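Undergrad: The structure is given below, and queries will be raised subsequently.
What follows draws every value from the coordinates through simple rules; no lab data is involved. This structure is a prediction, so every number in the text was calculated from the model and none was measured. Cβ placement follows ideal geometry from the backbone for every residue including glycine, while neighbour counts extend to all protein chains displayed.
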Amino acid sequence: MAEASTEPVGLWLGLQAGAFLGLYFGFSLALVSALTNPEELLRIVYLITFFPLVGGILLGPFLAKRERPVASSTPPIQRTLEALDGMDEGRGKWRALSHVRSDGRTVRIDLHDSSRVEEILRLTTPLTNEFPIRYMVGRGVGGSREPELRANVLSILDQAFPKTRQSRYTSAIEIAPELPEKLRNQRKRVNMLLAIFLPIASFLGWLEMR
C-alpha cells in the first residue's frame, strides 16, 4: 500500500500540544506543592499557569514541524455514503440513512438488518486507509439480535487486516488507518522523549521545592 501524503501539524496545534505538556508538568509540581506546603496558594496557581505558557512558547514551534496524514476535504460520512450508493434494501431493512452515522471523524456502520454484509464490507474497508470505520455487529451471543453476525464479520476482517489495526468492543469492531512508517517512527520518538523527560523534570522540580 502506498504511503499517505503528510503535512506539518501547524503552529496552532503545536502551541496547544506544548501548552498541554506544560500543563502536565505544572500540575505535577502544583500537586507536590499542595501536599508539602498547602498554604502556598499563590505558588500553586503560578505553577499551573506559568508552565503551560512556557511549554507553548518553547515547544510549540518544535511540535509544529511534526507531520500528520493529509486529511481529505470531503467528510468521511459523505465518502462512505457515496461508496454505499445503491446498497439500500428498503424501509424496515438496511438503509444507509438509518444505519450509517459519524461523529465527524469515525464512521459507524450498523450491519444489522443487511442481507449484503459482505458487499458492504467490500465497499467500505478500502476507506479505512483514510479514516476509522466502526462496524456495529452486536455481542455475538445467543441473546443478540443477530448472534452470528459478529463471528461472520470478524472472519472477514481478520483475513483483511492485522490485529494492530483492529479494536474490538462489546458490540463493535473498529478498523483504523495504518500510519505511514515515517509517522510511526515519529510517534515512537516523541513517546520515548516524553517517557524520559517528564518523570525526570517532575522529580527535579520536587527536589527544588523541598
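Undergrad: How much net charge surrounds residue 85 when only other residues with a Cβ under 15 Å from its Cβ are counted (Lys, Arg +1; Asp, Glu -1)?
TA: After counting each charged neighbour, the total is 0.
Undergrad: State the Kirkwood hydrodynamic radius of region 76-175 in Å, one decimal place, computed from all pairs of distinct Cα atoms.
TA: That comes to 13.6 Å for region 76-175.
Undergrad: What FRET efficiency would be calculated for the residue pair residue 113, residue 62, taking the C-beta separation as r and a Förster radius of 45 Å, to the nearest 0.05?
TA: The pair residue 113/residue 62 has a calculated efficiency of 0.35.
Undergrad: Could you calculate the contour length gain from residue 105 to residue 27, that is, 0.36 nm times the residue separation minus the distance between their Cα atoms, to one decimal place in nm?
TA: 25.0 nm
Undergrad: Something else: Quick one: if you stick a label point 7 Å off each Cα along the C-beta vector at residue 20 and residue 82, how many nm between them?
TA: In this crude label model, residue 20 to residue 82 measures out at 3.0 nm.
Undergrad: Would you mind calculating the gained length between residue 159 and residue 192 on full extension (0.36 nm times residue separation, minus the Cα-Cα distance), in nm to one decimal?
TA: 8.6 nm
Undergrad: While we're on this one: When 102, 144, 115 are ordered from fewest to most other Cβ atoms inside 10 Å of their Cβ, what list results?
TA: Least crowded to most crowded, the residues run 115, 144, 102.
Undergrad: Which FRET efficiency value, to the nearest 0.05, is calculated for residue 146 and residue 167 with the Förster distance at 25 angstrom and r the Cβ-Cβ distance?
TA: 0.75
Undergrad: Let me ask something else. Can you tell me the relative contact order of region 76-175? Whole percent, Cα pairs under 8 Å, sequence separation 6 or more.
TA: It comes to 23 percent, rounded to a whole number.
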